[in-house]
Amino acid sequence: MSQDPLRYFRVEARELVDQISAGVLDLDQQPGPDLVARLLRFAHTLKGAARVVRQQEIADRAHAFEEVLVPHRSGGEPLPADEMRELLRLNDEIEERVAALEPQRPKPDPPPRFPPGMTPGGASPSPGLRAPGDRGPEPGRAAERGVEAGTEAGGGPPAGGAVPGNGRHDSGTRTGSARQHRDESSRPSGQQDGGELRTEHQPAEGPAPRIDGGRTVAGRPEADRSTPATGRPRDSNGPGSEPAATPPVPVDKPDHRDREAGNDPGHAKSEEAAKTPSHPDAAPAARGSTADVDELLDAVGEAHARFAPLRTGGHALDQLTRSAEALADQLRVGRTAAHTDAARVVAARLAADLGALGRRITDTVEQVERELDEVRGRAERLRLVSASSIFTGLHRAVRDAADAQGKRVRFEGRGGELRLDPQVLALANNALLHVVRNSVAHGIEPDRDRLAAGKPVEGRVIVEVERRGRYVAFRCTDDGRGFDLAAVRRTAEARGLLMRGGTPPDEQTLVELVLRGGISTSPTVTEVAGRGIGLDVARDVADQLGGDVSVRTEAGRGAVVELVLPLALMSMHGLILEAAGTVATVPLDSVRTCVRLLPEQAAAAAVTGKMAHDGEAVPFLPLARALYAGTTVPDGGGPTVAVIVGTEERAVAVGVDRLAGTSTLVVRPLPDLAPAASVIGGVSMDLDGNPRLVLDAQGLIAETYRLGGGGAAPAEPARRLPILVVDDSLTTRMLERSILESAGYEVDLAASGEEGLDMARSRQYGLYLTDIDMPGIDGFTFVAETRADPELSGVPAILVSSRASAEDRQRGVAVGASAYVVKGEFNQEELLAHIRRLVPA
Amino acid sequence: MSPNDVKNRLTELRDDFDRSFAEPARQHDAEYAELLAIRAGGRPYALRLAQASGVHSDRPVTPLPGPQAALLGVAGFSGAIVPVYDLAALLGHPAPERPRWLVVAAGAPPLALAFHDLDGHVRVPTSTIVDEASGNAGRDVLRGMVPLPGGIRPIVDLLSARAVVHQLTGHTTYNTEER
């Protein structure tokens, strides 16, 4: 690679092309001499660099680009449309040629399908999840890229600030490379497959069990991580996989839906563009911006600096050792009182110095840990991409569609600072491209219609990105004419999808029809493809990721298409909280403020379930109660700080023992098989690789209202004791367990009277539910024995039996059973009614 | 020992040695099962190592508030977040002590079961294992028994344990044919 003369040019050219692409679109919307000057600088730099590496075609086009711009250096007026088109054409050609310099890449995996309701990624991100139009990563280049971007390319791009890269060439590279590195480094060297025992090479691991002749039993970290999480073999890990695994594919195919789009000139154009590397269907960049890398480097530097006291600690230790030796000498020779006094003084000083050094080391370690946490957070953040990276491509799609139809449309992207999993972003991007094109083609009216409707001639298409708990919402709003629902209805009736002359379908039904695809709202088939085509791509993406698409439309006012996708990975800033020994993080953007609580305030808040804040009574929830729901809260200091967590509508005060700073962290979804209370929004990894809970603001608010609704909270959290089911029949045990568990009880099972007695004595239960006929101790005896035990006699017992005779019932009463349920007449509601009566919630 | 005995013994050993190469090695695995002798909630069990992808001790488990009493929390394994269930609770006899051992069940999605003590690792001829087509009279997580020094131990079937957890959590993608 070091012999490759284009190595640095590629990096520089990509940066410049990204900046030019974004700049041209900005120029279209906000012409001005500054922007022209900047674009001229980019083009000029590119021209010079291209000549050095003999890329004459690129140099010529950069020159032509300059020629177009030079006359507009001083004026602030918009460029004529033909010149604007020429700039875009040159931009595309340059982009295409720069992309052609890239080494060929392997074909990416097709995106896996997730069943509805399942979020992708599971315990680990799904690296193979890619957009259909994504042309995949450059294996082995990402790390190199990072270095280049940070060093060599630093001098390349001229001033002008970092324009968010739209770099459609390298989606996922960073992610892939990060995974690859982790995979490689943590893969045990001598691993093999089959049923052999494995050795785990993890220093952080607890002592590996050595058993049976010194053989070691341990885990397979790579199996823990990759295979079970995604169900796919390592090779499909995507970006980081060996390139040899799949043959390279030179260009991607345009989305077939584009072809279906028919004669729409806008679509035709984009289809043509789709064959070139500049086509906007490509995925967003996973390239970290220079600022991110700088922040990471700062954090590394800071962590490094924090080690200084440990280094000087070495000298301090030497001195202390010498003092201790001197003291030892004094004690050996000293016999007089003066000697003893002197030794005592030395000893006292030694103890003080040792204490000081110890404190310094403790502080330093704490600080270093905090800094490393920050480093980790920032490094993980580099795996994510800012949402703004898709805006340039969307803007271009809007512009092209508008240009093709002779409309003027302004594009606006909002919420671009949100950082997301590149795979989710790539899929959303793919759907949004269709949605924004359709907004222009079908939503925005021609000039005269807009004027007639009293709207500004220039239409607007706004794409907003926003985080909603574990989801991200992409909202595309236009101020056009809205959906032509009457046309949808006519088409649907013509195709027999709706009964002609039936009850008029409501708006939602019609929108659903559009979402399902195949229905065009366009008045003429030749001019445009229907809205349905874009929307069913969005529908596909949502289905694939377990998300949702919704449409709101208002005739004459515009339409809003919203795509909500679950997040597999998400970066955020969090406030670290401690409550009753548990550490959790709450998203900083949901924290309004923090208030110190005096002990009496805390006590009052806990009793009344509310506290005064900003002249309002805010519901109060001690975090420990939410975290230890249903179990005993371990002793802690009690809340000393109230964290005011709120959304736009509601706020609650969450009582915590301590605030432990803020941190940048990457939130992962809870794994499958780990259902959690709504207060938990996800999990992050701490420095030691242990999961740390991330709270969900919405969940906290809901839980606060549920537990107290602002009213008085019980001093002791309400907890229901578990129920012990004693029955020798597996079927009955399982049946009873399922009934009780679905009614919200915790259930323990015992298969015999003996076992039941053991368990009754080892745990506190709220109720015993026992069969009568069992080998060994029968149900009557079980009840009688528990009645005889003063510790257990308070726990009610219900007999469940197939015996229905009055005699047996009487015997049940006699031994002290609280109720008697006959299996033959087994009635779930009756049983639950007995239990509710006996075990108050 | 007479010289003749030595000679016979030598021949015997030589034959054994030669035969060890002649015999197909795979019979080895088929005839033996690797088991872990464990204790959950104070009771002895065994589990098949072939059904596990790792055994760990003293791994921090982050408690997770939620509806499943048997779910102790989540633990981190090389970057993956794995739910940890209390084996004793799944077997129906939860104990107050926190288990210190984790066995990661093979298969997906990730799942670990916690048990209290590890008695040892044993390799037993498969013929000594008492197989059962379906769950024995006790619990449906158990499948078969094995006589080991100290007594007969029921075998915890990790596939069945996984199925129980899937059922508890309403996880539907589990393919019951695996059982």
Can we say A:LEU27 is of a type in the set (A, V, I, L, M, F, W, C), buried (at least 19 other Cβ atoms within 10 Å of the Cβ) and not assigned by TED's automatic domain parsing to the domain that holds A:ALA397? yes
Determine, yes or no, whether A:ALA62 is crowded, with 16+ Cβ neighbours inside 10 Å and among the small types (Gly, Ala, Ser). yes
Residue, nearest to A:ALA299 (Cα to Cα), within the range A:682-703, restricted to residues that are in a strand (DSSP E or B) and facing chain B (nearest Cβ under 7 Å): A:MET685
Taking the range B:61-92 as the region of interest, how many residues are among the aromatic types (Phe, Trp, Tyr) and more than 7 Å from every other protein chain (Cβ to nearest Cβ)? 1
Considering every residue within the range A:801-820, establish whether at least one is among the aliphatic types (A, V, I, L, M), modelled with pLDDT under 85 and buried (at least 18 other Cβ atoms within 10 Å of the Cβ). yes
Selection from the range A:658-681 of residues farther than 22 Å from B:ALA108 by Cβ, modelled with pLDDT under 85 and facing chain B (nearest Cβ under 9 Å) yields A:ALA677
Yes or no: the range A:795-808 includes at least one residue that is farther than 22 Å from B:ASP86 by Cα, outside any helix (DSSP H, G or I), within 13 Å of chain B (Cβ to nearest Cβ) and in contact (Cβ under 8 Å) with a residue 12 or more places away in the chain. no
Does B:ALA95 qualify as being touching a residue at least 40 places away in the same chain (Cβ under 8 Å), closer than 26 Å to A:GLY744 by Cα, facing chain A (nearest Cβ under 9 Å) and in a loop (DSSP other than H, G, I, E, B)? yes
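Okay, residues lined up against (1) at pLDDT 80 or above; (2) more than 26 Å from A:TYR471 (Cβ to Cβ); (3) among the β-branched types (Val, Ile, Thr):
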site	(1), (2), (3)
A:VAL683	yes, no, yes
A:ASP696	yes, no, no
A:GLY710	no, yes, no
A:GLU754	yes, yes, no
A:SER762	yes, yes, no
Quick one: would you say A:GLU791 is away from chain B (no Cβ under 13 Å), more than 23 Å from B:GLY92 (Cα to Cα) and surrounded by fewer than 17 Cβ atoms within 10 Å (Cβ to Cβ)? no
Is it fair to say A:ALA584 is over 29 Å from A:GLY482 (Cβ atoms), within 14 Å of chain B (Cβ to nearest Cβ), over 17 Å from the mean Cα position of the chain (by Cα) and among the small types (Gly, Ala, Ser)? no
Being away from chain A (no Cβ under 14 Å) and either within 12 Å of the chain's Cα centre (by Cα) or modelled with pLDDT under 90 (or both): is that true of B:ASN4 here? yes
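Residues checked against (1) of a type outside the set (Val, Ile, Thr); (2) touching a residue at least 40 places away in the same chain (Cβ under 8 Å); (3) facing another protein chain (nearest Cβ under 8 Å):
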| position | (1), (2), (3) |
| --- | --- |
| A:VAL725 | no, yes, no |
| A:THR731 | no, no, no |
| A:ALA751 | yes, no, yes |
| A:ARG761 | yes, no, no |
| A:GLN764 | yes, yes, no |
| A:ASP771 | yes, yes, no |
| A:GLU785 | yes, no, no |
So, first residue within 18 Å of A:ASP421 (Cβ to Cβ) in the range A:467-495, second residue in a loop (DSSP other than H, G, I, E, B) and at pLDDT below 80, Cβ within less than 8 Å, six or more apart or across chains; the pairs are A:ARG467/A:LEU567; A:ARG470/A:THR119; A:ARG470/A:LEU567; A:TYR471/A:GLY547; A:TYR471/A:LEU567; A:VAL472/A:LEU567
Number of the condition not met by B:PHE77 [criteria: (1) modelled with pLDDT under 85; (2) surrounded by fewer than 24 Cβ atoms within 10 Å (Cβ to Cβ)]: (2)
Any idea which residue in the range A:571-605 is nearest to A:ALA387 (Cα to Cα), counting only those that are part of a helix (DSSP H, G or I) and out of contact with any helix residue (DSSP H, G or I) (no Cβ under 9 Å at 6 or more places or on another chain)? A:LEU588
Within the range A:30-43, can you find the residues that are without any contact (Cβ under 8 Å) to a residue 60 or more places away in the chain and either surrounded by 13 or more Cβ atoms within 10 Å (Cβ to Cβ) or outside the structural domain of A:VAL68 (by TED's automatic domain parsing) (or both)? A:PRO31, A:GLY32, A:LEU35, A:VAL36, A:ALA37, A:LEU39, A:LEU40, A:ALA43
Given the condition of a type outside the set (Gly, Ala, Ser), over 30 Å from A:LEU515 (Cα atoms) and in a strand (DSSP E or B), answer yes or no: does some residue in the range A:558-570 qualify? no
Can you give me the number of residues within the range A:450-466 that are in contact (Cβ under 8 Å) with a residue 24 or more places away in the chain and farther than 20 Å from A:PHE411 by Cβ? 1
Looking at B:ASP58, B:ASP117 in this structure, which one is facing chain A (nearest Cβ under 8 Å), more than 27 Å from A:SER678 (Cβ to Cβ) and acidic (Asp, Glu)? B:ASP58
For residues that are more than 15 Å from the chain's Cα centre (by Cα) and at the interface with another protein chain (Cβ under 9 Å from one of its Cβ atoms), scanning just the range B:98-114, find the one that is surrounded by the most Cβ atoms within 10 Å (Cβ to Cβ). B:PRO110
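The values are calculated or read from the model by the stated rules, or taken from the named source; none is laboratory data. As the structure is a computational prediction, the values presented were derived from the model and not from experiment. Cβ sites come from the backbone with ideal geometry, for glycine too, and all protein chains shown count toward neighbours.
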